[in-house]
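The structure appears right after this line, and notes come after that.
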Amino acid sequence: MHDFEYRHGELACENLPISRIAKEVGTPCYVYSYATLVRHYQVFDGAFQNVPHIVAYAVKANSNLAILRLMAREGSGADIVSGGELYRALKAGIPPSKIVFAGVGKSREEIRDALATDILMLNVESSAELRVIDEVAAEMGRRARVALRINPDIDPKTHPYISTGLKKSKFGISADRALDEYKLATSLRHIDVVGVHKHIGSQLTDIAPFVDALKKILVLVETLQRHGANIRYINIGGGLGITYSDEVPPLPHEFAVAISPLVRDLKSVLIMEPGRVIVGNAGILVTRVLYTKAGEDKHFVIVDAGMNDLIRPSLYGAYHEIRPVYEVPNAKTRTVDVVGPVCESSDFLAKDRAMPEVKAGDLLAVMSAGAYGFTMASNYNSRPRVPEVLVKGGEMHVIRSREEYGDLVRGETIPEFLR
Ligand SMILES: *Cc1c(COP(=O)(O)O)cnc(C)c1O
């Protein structure tokens, strides 16, 4: 469910016509719905009301400060994967007591910052990292709370690039090694193991892999407890999928019905790290048709947004629905490639897509672009990054302005010998 609907033949976000936003900030631009974001958060959080839990919104899905502030106001914590995300989360007002830090390559500086701000825990991905955390904590005269990130070797049946819980994956510690890691952790004087963590992948549309992975984790928790561990947090990660085209992912309520009974009697706090399911369908990318072009055996619609603005189609072959902002009754359909201006053949937003016929100047909405859209944007081809707009009711708020050419060269210098 989202708040992008046609009204009087024109696509609107909540009560605001998309064309008004395009006129105000130009194209391309990202547009997010406040009502959708709040509803998605509340539905997810509410589904787990019967178990002690923390929702730690996955910052990498959409890390705009305004979005993070909105999450903070709803009571969300944050799942972060870098020092930069820690900076953003704190700046947005997310309490450190609800921040968890994952990632296979945390630097000493990042670990120090995390300990200095006293975040809830670090999710540890290797014994080498465990030792470094211990060293840094010792230097600071602190103890570090950690969760062991377990790789349960479960196939999430999603795109290989967004699968993270298989044996061959770089993430986490294998279930077989978990007890040894735990023993290592207890031998380190500045480490407290307070939880276990898993995150098996993204855009999962089936409940079974979540349940299978959690069951595996719980067996392990039992083993650890028998060895004296005090596991107070069970973090099941994120990964719940959304509808991009015809997927039918479980609703948060169905997800909760499958998960809650498994953890209800454990006296531990359930942590979840949803990203895509909160923000994915709460945002669109608005773009304008620059040209249409009939190739030898293909028709191209060339738009002003490219792979640098939304890389998911190029990177994962991901599907995003593309809608005309103005409905054209009885429009002829044509099968087209929707492509951007970037000088790469992989620069496309849609391939062989049957769409109502469009012409230069038309506005298009690339749907379901709220997650891993702007956060994966780059300046490739020296294209300034596009603005982000938050709509609430009939009002629009620019929450990130369009970059200027000066922003592209900020920090660059020509050395003396070239002057
Ligand atoms: C990316 C990520 C998430 C969020 O995944 P979604 O599919 O967006 O819900 C959660 N936890 C970890 C550790 C991640 O890396």
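Going by what's in this entry, would residue 111 be described as under 15 Å from residue 56 (Cα atoms), β-branched (Val, Ile, Thr) and modelled with pLDDT of 95 or more?
No; evaluated as a whole, the condition is false for this residue.
How many residues are in contact (Cβ under 8 Å) with a residue 60 or more places away in the chain, away from the ligand (no atom under 16 Å from the Cβ) and either open to solvent by 10 Å² or more (accessible area, probe 1.4 Å) or aliphatic (A, V, I, L, M) (or both) when one looks only at segment 272-300? Can you show your working first?
Of the residues in segment 272-300, the ones in contact (Cβ under 8 Å) with a residue 60 or more places away in the chain are 272-292.
Cutting the leftovers down to away from the ligand (no atom under 16 Å from the Cβ) gives us 284-292.
Pick out the ones that are also either open to solvent by 10 Å² or more (accessible area, probe 1.4 Å) or aliphatic (A, V, I, L, M) (or both) and you get 284-286, 288-292.
Here the count works out to 8.
Take segment 340-380 and flag every residue that is hydrophobic (A, V, I, L, M, F, W, C), out of contact with any helix residue (DSSP H, G or I) (no Cβ under 9 Å at 6 or more places or on another chain) and part of a helix (DSSP H, G or I).
The answer is 374, and nothing else.
Does residue 378 count as touching a residue at least 40 places away in the same chain (Cβ under 8 Å), farther than 24 Å from residue 11 by Cα and exposed (fewer than 15 other Cβ atoms within 10 Å of the Cβ)?
yes
Would segment 76-88 turn up any residue that is of a type in the set (S, T, N, Q) and open to solvent by less than 10 Å² (accessible area, probe 1.4 Å)?
Taking every residue of segment 76-88 in turn, at least one turns out to be of a type in the set (S, T, N, Q) and open to solvent by less than 10 Å² (accessible area, probe 1.4 Å).
Go through (1) more than 16 Å from the ligand (Cβ to nearest atom); (2) in contact with a strand residue (DSSP E or B) (Cβ under 6 Å, 6 or more places away or on another chain) for residue 215 and report which single condition fails.
That leaves (2) as the condition not met.
Could you name every one of the strands (runs of 3 or more DSSP E) located completely within segment 1-98 that has at least 2 residues being within 16 Å of the ligand (Cβ to nearest atom) and within 18 Å of the chain's Cα centre (by Cα)?
The strands (runs of 3 or more DSSP E) meeting that bar are 53-58, 77-80.
Residues of segment 259-271 being open to solvent by less than 20 Å² (accessible area, probe 1.4 Å) and β-branched (Val, Ile, Thr), which ones?
Across segment 259-271, the qualifying residues are 259, 263, 271.
Only one of (1) within 19 Å of residue 271 (Cα to Cα); (2) within 16 Å of the ligand (Cβ to nearest atom) is not met by residue 157, so which one is it?
Just one mismatch for residue 157, condition (1).
Based on what the data block shows, is residue 265 of a type in the set (Asp, Glu), away from the ligand (no atom under 14 Å from the Cβ), at pLDDT below 95 and assigned by TED's automatic domain parsing to the domain that holds residue 126?
Yes, satisfied.
What's the number of the only condition in (1) part of a strand (DSSP E or B); (2) touching a residue at least 60 places away in the same chain (Cβ under 8 Å) that residue 335 fails to meet?
Of everything listed in (1) part of a strand (DSSP E or B); (2) touching a residue at least 60 places away in the same chain (Cβ under 8 Å), residue 335 misses just condition (2).
Which condition number does residue 98 fail, the rest of (1) in contact with a Gly (Cβ under 9 Å, 6 or more places away or on another chain); (2) open to solvent by 10 Å² or more (accessible area, probe 1.4 Å); (3) assigned by TED's automatic domain parsing to the domain that holds residue 232 being met?
So residue 98 meets the others, but not (3).
Would you pick out the residues in segment 194-212 that are away from the ligand (no atom under 14 Å from the Cβ) and either open to solvent by 20 Å² or more (accessible area, probe 1.4 Å) or closer than 15 Å to residue 169 by Cβ (or both)?
Correct list: 207, 208, 211, 212.
Taking the criterion of being touching a residue at least 12 places away in the same chain (Cβ under 8 Å), within 14 Å of the ligand (Cβ to nearest atom) and either open to solvent by less than 30 Å² (accessible area, probe 1.4 Å) or under 24 Å from residue 354 (Cα atoms) (or both), would at least one residue in segment 251-258 satisfy it?
Looking through segment 251-258, at least one residue is touching a residue at least 12 places away in the same chain (Cβ under 8 Å), within 14 Å of the ligand (Cβ to nearest atom) and either open to solvent by less than 30 Å² (accessible area, probe 1.4 Å) or under 24 Å from residue 354 (Cα atoms) (or both).
From the residues in segment 252-277 that are closer than 19 Å to residue 100 by Cα and not in a loop (DSSP other than H, G, I, E, B), which one is farthest from the chain's Cα centre (by Cα)?
Residues of segment 252-277 closer than 19 Å to residue 100 by Cα: 268-277.
Next, only the ones that are not in a loop (DSSP other than H, G, I, E, B) stay: 269-272, 276-277.
Values: 269: 23, 270: 20, 271: 16, 272: 13, 276: 5, 277: 9 Å.
Step by step, filter segment 252-277, then rank; the result is 269.
Can you pull out the residues in segment 226-243 that are closer than 18 Å to residue 100 by Cα, part of a loop (DSSP other than H, G, I, E, B) and within 16 Å of the ligand (Cβ to nearest atom)?
Of everything in segment 226-243, those that are closer than 18 Å to residue 100 by Cα, part of a loop (DSSP other than H, G, I, E, B) and within 16 Å of the ligand (Cβ to nearest atom) turn out to be 236, 237, 238, 239.
State which residue pairs qualify: first residue free of Cβ contacts under 8 Å to residues at least 40 places away in the same chain and inside segment 308-320, second residue of a type in the set (Asp, Glu) and surrounded by fewer than 19 Cβ atoms within 10 Å (Cβ to Cβ) in any location, beta carbons under 8 Å apart, and separation of 6 or more residues or different chains.
314/344
Would you mind stating whether residue 246 is surrounded by fewer than 21 Cβ atoms within 10 Å (Cβ to Cβ) and assigned to a helix (DSSP H, G or I)?
Details: surrounded by fewer than 21 Cβ atoms within 10 Å (Cβ to Cβ): yes; assigned to a helix (DSSP H, G or I): no.
So residue 246 fails the test.
The values are calculated or read from the model by the stated rules, or taken from the named source; none is laboratory data. Every value quoted in this text rests on a predicted model; they were computed, and no experiment measured them. Ideal geometry is used to build each Cβ from the backbone, glycine not excepted, and the neighbour counts take in all protein chains shown. Note: accessible area is taken over every heavy atom of the protein model, side chains too, but ligands, DNA and RNA are not part of it. Shrake-Rupley method; radii C 1.70, N 1.55, O 1.52, S 1.80 Å.
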